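Asks: First the structure, which I've put down as structure tokens, then a few questions once you've had a look.
Throughout, read-outs are computed from the coordinates displayed, never taken from laboratory work. Quantities reported herein were computed from a predicted structural model and do not represent experimental measurements. Here the Cβ positions follow ideal geometry from the backbone for every residue, glycine too, while neighbour counts run over all protein chains shown.
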Amino acid sequence: MKIKNSTALVTGANRGLGLAYAKALLAAGARKVYAGARDPSTVPALEGLVPVKLDVNDAADIAAAAAACGDVDLVINNAGIIGGEPLLGSRGVDALREVLDTNLYGVLAVSRAFAPVLRTNGGGALVTMLSALSWASLPGTSAYSVSKAAAWALTNGLRNELRGQGTQVVGVHAGYIDTDMVKDVDSPKSRPEDIAQAVLAGVEAGDSEVLADDTARHVKAGFGAAPSLYLG
Ligand SMILES: NC(=O)c1ccc[n+]([C@@H]2O[C@H](COP(=O)([O-])OP(=O)(O)OC[C@H]3O[C@@H](n4cnc5c(N)ncnc54)[C@H](OP(=O)(O)O)[C@@H]3O)[C@@H](O)[C@H]2O)c1
């Protein structure tokens with residue numbers, strides 16, 4: 001689909017990668033971008049950017065957003081959290097549930113609410129922000145990697161279920177991106193602007209998967225290595 005004249009919703013658009021998506025969409029000629037945020041007052045004032053109260057864990061917020069944003073033809077499931085608790089730590093089960101609530105069930109809830117909106121508007125596209133950590137796990141990312149692996153499978157399932165209504169479903173994988181989420185990580189990071197550009201190019205090209213940086217490409221290529229790269 002074309003970004004120009006599209007109407008998009010980005011979750012978690014008040015900062016980080018979500019804000020970069022919103023700016024890239026506007027720069028590429030989107031007619032309007034709904035900026036989903038838990039606190040809409042934190043969305044920067046930009047022409048074409050429309051703040052929408054949207055906590056992806058709040059069913060009432062999601063229903064209200066789907067009703068208010070009936071002109072959307074591009075949804076970007078961007079909102080996410082990282083959990084640092086080890087799976088075998090004292091809070092391992094609860095911490096995993098928390099990260100799944102946002103990174104898996106939040107994505108599902110938003111996708112379910114907006115699937116009929118996308119159908120009404122001709123199919124459009126549904127993009128979900130995954131990670132190179134959908135395929136690999138690092139010390140300290142066990143729960144996050146579970147959530148992103150599950151969200152990857154969710155994305156593949158949604159692609160099958162939405163094919164009939166002509167919705168392009170795009171999974172995005174990337175390594176570290178320079179946002180608050182990984183501000184304490186001392187490793188090379190991609191610029192959020194570059195990730196957003198790669199994703200919009202993939203949407204326009206009709207892609208189902210975007211490997212948005214070298215890390216994502218390296219990890220996926222490592223599936224064929226012996227031993228596979230994700231075995232650590
Ligand atoms: N940064 C990386 O290295 C990296 C790499 C690969 C993939 N990703 C993925 O990229 C996406 C964006 O991450 P980021 O790097 O921009 O992270 P970030 O800087 O921590 O920003 C996270 C965003 O998600 C929002 N959010 C969190 N929980 C929410 C909820 N329940 N409802 C609505 N919004 C919620 C936050 O809103 P508040 O301001 O209200 O907290 C914020 O806008 C995430 O899905 C992340 O997993 C990140």
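Asks: Sum up the charges of everything whose Cβ sits under 11 Å from the Cβ of Ala65, counting Lys and Arg as +1 and Asp and Glu as -1, but leave Ala65 out.
Replies: -2
Asks: Here's another thing I want to ask about it. Taking every pair of Cα atoms in the range 92-228, average 1/r, invert it to obtain the Kirkwood radius, and report Rg/Rh to two decimals. Before the final figure, lay out each step's value.
Replies: Numbers: Rg = 15.4 Å, Rh = 15.8 Å.
The Rg/Rh ratio comes out at 0.98.
Asks: Can you tally the net charge around Pro44? Count Lys and Arg as +1, Asp and Glu as -1, for every other residue whose Cβ sits under 14 Å from the Cβ of Pro44.
Replies: Spelling it out: positives minus negatives among the neighbours equals 0.
Asks: Quick one: the Cα spread of the range 1-146 along its three principal axes, in angstroms, biggest first?
Replies: 48, 30, 27
Asks: Run the quick spin-label model on Ala201 and Arg31: label points 7 Å from Cα toward the beta carbon, then report their separation in nm to one decimal.
Replies: Label-label distance for Ala201 and Arg31, simple model: 2.7 nm.
Asks: Here's a follow-up. Could you tell me the center-to-center distance, by alpha carbons, between the range 81-144 and the range 21-67 in angstrom?
Replies: 19 Å
Asks: Quick query: amide H of Val210 versus all other amide H atoms, modeled in the peptide plane; which residues come in under 5 Å with a sequence gap of 5 or more or a different chain?
Replies: Hits under the 5 Å cutoff: Gly171, Val172, His173.
Asks: Where does the charge balance sit around Ala79 when Lys and Arg score +1, Asp and Glu -1, over other residues with C-beta under 10 Å from its C-beta?
Replies: 0
Asks: Additional query: Percent relative contact order of the chain, based on C-alpha pairs within less than 8 angstrom and at least six residues apart?
Replies: Relative contact order of the chain: 19 percent.
Asks: Taking 7 Å along the Cα-to-C-beta vector as the label spot, tell me the Asp101-Arg119 distance in nanometres, rounded to one decimal.
Replies: 3.0 nm
Asks: At most 10 other Cβ atoms within 10 Å and a DSSP loop assignment: could you name the trypsin sites (Lys or Arg not before Pro) in the range 152-225 that fit?
Replies: Here the sparse-neighbourhood loop sites are Lys183.
Asks: Can you give the % of DSSP beta bridges in the chain that are antiparallel, to the nearest 5? Before the final figure, lay out each step's value.
Replies: Working: 0 of 25 bridges.
Looking only at bridges with both residues in the chain, the antiparallel portion is about 0 percent.
Asks: Label points 7 Å out from Cα along the Cβ direction at Leu229 and Asp214: separation in nm?
Replies: 1.2 nm
Asks: Additional query: Using 0.36 nm per residue, how much length does the chain from Ala60 to Asp94 gain when fully extended, once their Cα-Cα distance is taken away? List each step's numbers first, then the result.
Replies: Values: separation 34, 0.36 × 34 = 12.24 nm, distance 2.34 nm.
Once the chain is fully extended between Ala60 and Asp94, it gains 9.9 nm.
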